[in-house]
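> I'd like to ask some things about the structure below.
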């Protein structure tokens, strides 16, 4: 699946989040590709999922793409749980 | 042969080659290697174009500012400087970036400081900064690369190590470290906020209006500040010069266009940074995980924002106020430091978080205010140390406090040699 991660600049925490999601994907055999973007340039992009810290996520509204809001971006468990939950829900549909 | 030397003196190709080697070392698939290498090269070329836009937009502005206030006005912005000197110092910059990282790995492997500095845009800008400072001391080529790489490698573990006791107060553990060339100023102001504040009253108990959240989008805030800065300058400048620079167009349109062009330059530059870091950093991270067991990644400043979201807003607003005060006070020195939004925003927000962790609301307010003021005053006072006009750069100066401290040490070390 294609994931967009978003942060203020588009190369700091968003890149960290994307790398984390890719290693989670590897662990669970889910192919994760995507790109890290800043708040001004993610709009209009196509993706299966947007992932961002809760501070950034709350400024993303009206997006057609589902948004995963991560409270603590340093908490690998939180990222993994939320990501897998999303993945499993969408698999069933 | 000429092709090879030309190839290696083109910065985009050197960085492309680094990405290529990194991707190969990580045994990525053929398509990933090709894609990653091309994106890195494109990213680097975009970065240089962005720097060109910034430098050009500041030429008329600098003329206007000098005419209006009879002073030099500068904005603190590292990456624009780093990208602008690539035409002359590309070899030094790229090799300091790479060898500095390898020295960082070595130090993390053999010492107790397990930090791996992974904030790529800062590794790039500091590599370029050391190349510039050494070049101006008359040192270049491989000697400069050797000295610069050692400085880069050593500072990559020392600054995170100095910050770690304070990071622990915010995050509660040692899982991540602070990899940002402003960390010292942030923990110092946070510590001061702790001394003068009251930890029991946290910023996070406050209800803060979300009305101003749109300002967290860098391009918006920067545009507003730049229009104000150019506008105020234009009011005080000679109308004749203004109409000459605007080519007879309406001064209002000229002000908006000059400010917007500067912001566009920053956005283009950041897009380039984004493209080449997206390839380089995962490669660096992968290599470090293989070589250094128990490595602690030293990461960019926003990782701390979620620990106290309200404190980031308070810290940033206070830093802007402190920065504007410093703009006026700095006019007493040799240079006026204009509100440098990116630095004030990212460091101010973190100062708020650190101030709050150690001293609550009052701590966050004091930390942000002191950070904004001291940050810009540091730039003003250090400005005479490095003259960038040799590279055709006017209106810009270095913006990373940690790196500025290192420049000072480099200049002191050079004194006995008359450099």
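The values are calculated or read from the model by the stated rules, or taken from the named source; none is laboratory data. All values reported here derive from a predicted model rather than from experimental measurement. Because the Cβ atoms are built from the backbone with ideal geometry, glycine has one as well, and the counts that use them run over all protein chains shown.
> If you scan region B:102-124, which residues turn out to be more than 14 Å from every other protein chain (Cβ to nearest Cβ), assigned to a helix (DSSP H, G or I) and in contact with a strand residue (DSSP E or B) (Cβ under 8 Å, 6 or more places away or on another chain)?
Hits for region B:102-124 are B:104, B:105, B:108.
> Any residue at all in region B:332-350 that's assigned to a helix (DSSP H, G or I) and more than 18 Å from the chain's Cα centre (by Cα)?
No, that holds for no residue.
> With (1) surrounded by 16 or more Cβ atoms within 10 Å (Cβ to Cβ); (2) under 27 Å from residue A:77 (Cα atoms); (3) more than 12 Å from chain A (Cβ to nearest Cβ) as the list, and residue B:180 as the residue in question, which single condition is left unmet?
Against the list (1) surrounded by 16 or more Cβ atoms within 10 Å (Cβ to Cβ); (2) under 27 Å from residue A:77 (Cα atoms); (3) more than 12 Å from chain A (Cβ to nearest Cβ), residue B:180 comes up short only on (3).
> Further, regarding this structure: Which members of region B:216-234 meet the condition of being within 13 Å of chain A (Cβ to nearest Cβ), buried (at least 18 other Cβ atoms within 10 Å of the Cβ) and at pLDDT below 90?
Within region B:216-234, B:216, B:218, B:221, B:222 meet the criteria.
> Taking the criterion of being within 14 Å of chain A (Cβ to nearest Cβ), assigned to a helix (DSSP H, G or I) and either touching a strand residue (DSSP E or B) at 6+ places or on another chain (Cβ under 9 Å) or modelled with pLDDT of 95 or more (or both), would at least one residue in region B:145-167 satisfy it?
Yes: region B:145-167 contains one or more residues that are within 14 Å of chain A (Cβ to nearest Cβ), assigned to a helix (DSSP H, G or I) and either touching a strand residue (DSSP E or B) at 6+ places or on another chain (Cβ under 9 Å) or modelled with pLDDT of 95 or more (or both).
> What number goes with the only condition from (1) modelled with pLDDT under 90; (2) away from chain B (no Cβ under 11 Å) that residue A:11 does not pass?
(2)
> Still on this structure, please answer the following. Can you pull out every residue in region A:36-93 that is within 19 Å of residue B:176 (Cβ to Cβ), crowded, with 18+ Cβ neighbours inside 10 Å and either more than 9 Å from chain B (Cβ to nearest Cβ) or touching a residue at least 24 places away in the same chain (Cβ under 8 Å) (or both)?
A:36, A:51, A:52, A:53, A:56, A:70, A:73, A:79
> Let me ask something else about it. Select, from A:73, A:65, the only residue that is within 11 Å of the chain's Cα centre (by Cα), under 21 Å from residue B:308 (Cβ atoms) and assigned to a loop (DSSP other than H, G, I, E, B).
Working: A:65 fails: under 21 Å from residue B:308 (Cβ atoms).
Testing whether each residue is within 11 Å of the chain's Cα centre (by Cα), under 21 Å from residue B:308 (Cβ atoms) and assigned to a loop (DSSP other than H, G, I, E, B) leaves just A:73.
> What is the one condition in (1) touching a strand residue (DSSP E or B) at 6+ places or on another chain (Cβ under 7 Å); (2) under 22 Å from residue B:337 (Cβ atoms) that residue B:278 does not satisfy?
Among (1) touching a strand residue (DSSP E or B) at 6+ places or on another chain (Cβ under 7 Å); (2) under 22 Å from residue B:337 (Cβ atoms), the lone unmet condition for residue B:278 is (2).
> Of the residues in region B:240-290, how many are under 25 Å from residue A:9 (Cβ atoms) and away from chain A (no Cβ under 14 Å)?
Total meeting the criteria: 7.
> Any residue at all in region B:291-309 that's closer than 20 Å to residue B:221 by Cβ, in a helix (DSSP H, G or I) and away from chain A (no Cβ under 12 Å)?
No, region B:291-309 contains no residue that is closer than 20 Å to residue B:221 by Cβ, in a helix (DSSP H, G or I) and away from chain A (no Cβ under 12 Å).
> OK, next. When you check residue B:77 against the structure, is it in contact with a strand residue (DSSP E or B) (Cβ under 9 Å, 6 or more places away or on another chain), at pLDDT 90 or above, closer than 27 Å to residue B:342 by Cα and surrounded by 24 or more Cβ atoms within 10 Å (Cβ to Cβ), yes or no?
yes
> Still on this structure, please answer the following. Does residue A:6 meet the test of being part of a strand (DSSP E or B), more than 10 Å from every other protein chain (Cβ to nearest Cβ) and either at pLDDT below 90 or over 20 Å from residue B:39 (Cβ atoms) (or both)? Let's see the steps before the verdict.
Working: part of a strand (DSSP E or B): yes; more than 10 Å from every other protein chain (Cβ to nearest Cβ): yes; either at pLDDT below 90 or over 20 Å from residue B:39 (Cβ atoms) (or both): no.
So residue A:6 fails the test.
> Right, here's the next one. Can residue A:21 be described as within 10 Å of the chain's Cα centre (by Cα), outside any loop (DSSP other than H, G, I, E, B) and either within 14 Å of another protein chain (Cβ to nearest Cβ) or surrounded by 15 or more Cβ atoms within 10 Å (Cβ to Cβ) (or both)?
It is true that residue A:21 is within 10 Å of the chain's Cα centre (by Cα), outside any loop (DSSP other than H, G, I, E, B) and either within 14 Å of another protein chain (Cβ to nearest Cβ) or surrounded by 15 or more Cβ atoms within 10 Å (Cβ to Cβ) (or both).
> Restricting attention to region B:367-399, which residues are buried (at least 24 other Cβ atoms within 10 Å of the Cβ) and part of a helix (DSSP H, G or I)?
Matches in region B:367-399: B:367, B:368, B:369, B:371, B:372, B:375, B:376, B:379.
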